[in-house]
Structure formats: C-alpha cells, structure tokens
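Okay, structure first, notes after.
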Amino acid sequence: MLILLSDLFDPAMKERLLKFGEVTDNPDTLSEADVIVMRSTTKCGREFIDKAVKLKYIIRAGIGTDNVDVPYAGIKGIRVFNTPKASIYAVAELAFAMMLAVSCRLVEAHNSMAEGKWIKKELSRNELYGKTLCLIGMGNIASEVAKRAAAFGMKVVAYRRQAKKSPYAEVLSEIKSAVKDADYISIHLPWNKETERIFDEKIIDACLRKPAVINTGRAQCIDEHAMLKALEDGRISYYASDVWPSDPPPENYPLLKAPNTLMTPHIGASSRENLLRAVDEVEDIFKKLKFSGEI
C-alpha cells in the first residue's frame, strides 16, 4: 500500500504510518497512491481524483472536507475521512485570542509603539466581562469558545439551525434573534449551500450593538461586500478573520484593505499540539481500516 502525504505534516506522521505501508511525500506518485493524507492546501477536486487512478481512501487531517469533492470521490468508490477533533482547541484559542486582541486594541497599540508614538489616551479598551457573545454554529469548536467566554464572565448565545440544549450557551434556531444583542459574534460554520454568505446585509442590519465579528470558520460564510460596507459605515465595529476564499486570498479581495480589521494567514490549526493530535486521529483511522480487514 502506498500512502501519499500531500501536504506538510509533523515528522511523526510518516513514522507512525510506516507500519501500514510505504509512505511518501512525492507528488509525482499520485497515480500510484492507495491513500492520500492531506490538510487544507491540497485541493482534491475531480481532476486531482482522476489522476489518482488507484486511490481507495482520502484522509483529510482537519475538521472540514470542503477542499474534497466528496460526491465525486463516492462515485469513484473512494472513501473520505477527516479528523474532526484534532484542531478544536487550537482554533478555539485563536478565536478567543482575536476577541481579546480586538477588545484590548492590541494591533493599534503595537503599531503605534513601533512607529514611535505614545497614544495611551486615545486607546480606550473594552472589557469582555459582562458582554454578550453570539456563536454562529454550535459544534465542538464553538463549545470550547463558549467555555472560555463563560470563564470571562460573558453571556453566551448561539445560533444553530436545529436548536438543542447546551450547557455553555442559550441556543436559538433563528439567527437574527441570536445576533440582535451581541457585542461579539464568532463564526463557526462549515461551508455548504445552506451557509454560503449566511452572514449578509440582512443579518448585519439585525445587529443592534455594532458588534465585532470573529471568523475562524469559513470565509464563504460571510458576504464580503456587505461586511466591507458595514465596516465603513460603522455597523460592524471590527472584523477579525483567519479564513479566506483561497490560501492566499486574491489581491482584490475586498476585506484585505477594509478598515478596522485583524487578519491572520489561516493559522488556526497550525499549533504543534494540533498537528500531533492529527497524527493520532489519522493513525486511528488506519487502525480501524486494518482491524476491519479493509487494508
């Protein structure tokens, strides 16, 4: 069995998978690979899958599979797996770090100091204590953000299309009701037909408190033109994002030069600890396949 690591991984990945077959990171072996282990850089669309003529399994080391054409893989008889828990803590911590950076105005403070300025009086901070956080989506990552928000004394509400009880937040099934009184909004949605541009002009207009919006979910879940307009006219006070329509985003992507933004280059799942957890989860997938006699 040939296992192709098509993206960069911790060296432990190769070492741990050697017991299941030959492991390579040479992209020229795509046509010979039985298994592809990937992250977010590889785009596993139809053309890619057609070149992998011996492929039996695609393993996405990460939460989502939106960079994999899952239906087409199914037509080709290829099973697709992911590692839904590996990056929970890394992404949750980044989302919360962004919220803290925005409330404390850390970007402006650092840049002013680096420019030789002392603008202490101009940098009025806001506390998270007592503020309302709205989570758009209520999965594993959002739950971890909610735990941290509760520890900071925040009120937490969440939008989930099919509301269910959560020990960490008041969960609502109507998104406009969820965002109405939010001081901060944190987006934790996958990208699909239902979520594409879900955060649009109508949702922005439903926000009464000019919230700061944090996006560590997917860039396609917001209407970038509506967000730009809202940042310019003050209906949204801040937009902090780690996610983009592509890595890197196109140069003309509207939010790259928008006011009141904090931007990071898709580093949410890049912690050392997350990469090691991904190794564990990928190895577990191989163990289950071996136990069932599939490999």
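The values are calculated or read from the model by the stated rules, or taken from the named source; none is laboratory data. None of these values were measured; they are calculated from a predicted model. Cβ atoms come from the backbone with ideal geometry, glycine included; neighbour counts cover every protein chain shown.
Give 259, 211, 248, 190 a once-over and let me know the one that is over 27 Å from residue 128 (Cβ atoms) and either without any contact (Cβ under 8 Å) to a residue 40 or more places away in the chain or not small (Gly, Ala, Ser) (or both).
Selected residue: 248, the only one of 259, 211, 248, 190 that is over 27 Å from residue 128 (Cβ atoms) and either without any contact (Cβ under 8 Å) to a residue 40 or more places away in the chain or not small (Gly, Ala, Ser) (or both).
Where residues in region 56-91 are in a loop (DSSP other than H, G, I, E, B) and of a type in the set (Lys, Arg), which of them is nearest to residue 266 (Cα to Cα)?
85
One line per residue, one yes/no per condition, for (1) within 25 Å of the chain's Cα centre (by Cα); (2) exposed (fewer than 15 other Cβ atoms within 10 Å of the Cβ); (3) among the charged types (D, E, K, R):
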| position | (1), (2), (3) |
| --- | --- |
| 23 | no, no, no |
| 41 | yes, yes, no |
| 50 | no, yes, yes |
| 58 | yes, no, no |
| 67 | yes, no, no |
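Taking region 112-180 as the region of interest, the strands (runs of 3 or more DSSP E) fully inside it that hold 2 or more residues being over 21 Å from residue 101 (Cβ atoms) and in contact (Cβ under 8 Å) with a residue 24 or more places away in the chain are 155-159. Taken over region 211-246, the criterion of being in contact with a strand residue (DSSP E or B) (Cβ under 9 Å, 6 or more places away or on another chain) and assigned to a loop (DSSP other than H, G, I, E, B) is satisfied by 211, 216, 217, 218, 223, 236, 237, 242, 243, 244. For region 1-26, filtering for residues that are of a type outside the set (D, E, K, R) and either within 17 Å of residue 67 (Cα to Cα) or assigned to a loop (DSSP other than H, G, I, E, B) (or both) leaves 8.
Taken together, 78, 63 contain a single residue that is β-branched (Val, Ile, Thr), outside the structural domain of residue 191 (by TED's automatic domain parsing) and free of Cβ contacts under 8 Å to residues at least 40 places away in the same chain, which is 78. In summary, residue 29 fulfils each of the numbered conditions (1) surrounded by fewer than 19 Cβ atoms within 10 Å (Cβ to Cβ); (2) within 26 Å of the chain's Cα centre (by Cα); (3) in a helix (DSSP H, G or I) with the single exception of condition (2). I'm trying to understand the selection: among the residues of region 119-136, which are more than 30 Å from residue 199 (Cβ to Cβ) and either surrounded by fewer than 10 Cβ atoms within 10 Å (Cβ to Cβ) or of a type in the set (Lys, Arg) (or both)? Hits for region 119-136 are 120, 121. On the stretch given as region 81-111, residues that are farther than 23 Å from residue 191 by Cα, touching a residue at least 60 places away in the same chain (Cβ under 8 Å) and either aliphatic (A, V, I, L, M) or in contact with a strand residue (DSSP E or B) (Cβ under 7 Å, 6 or more places away or on another chain) (or both) total 3. Would you check if residue 40 is in contact with a helix residue (DSSP H, G or I) (Cβ under 8 Å, 6 or more places away or on another chain) and not assigned by TED's automatic domain parsing to the domain that holds residue 189? It is false that residue 40 is in contact with a helix residue (DSSP H, G or I) (Cβ under 8 Å, 6 or more places away or on another chain) and not assigned by TED's automatic domain parsing to the domain that holds residue 189.
When you check residue 226 against the structure, is it modelled with pLDDT of 95 or more, out of contact with any Ser or Thr (no Cβ under 9 Å at 6 or more places or on another chain), crowded, with 17+ Cβ neighbours inside 10 Å and more than 17 Å from residue 190 (Cβ to Cβ), yes or no?
Yes: the conditions hold for residue 226.
Screening residue 219 on (1) free of Cβ contacts under 8 Å to residues at least 24 places away in the same chain; (2) in contact with a Phe, Trp or Tyr (Cβ under 6 Å, 6 or more places away or on another chain) shows it passes everything except condition (1).
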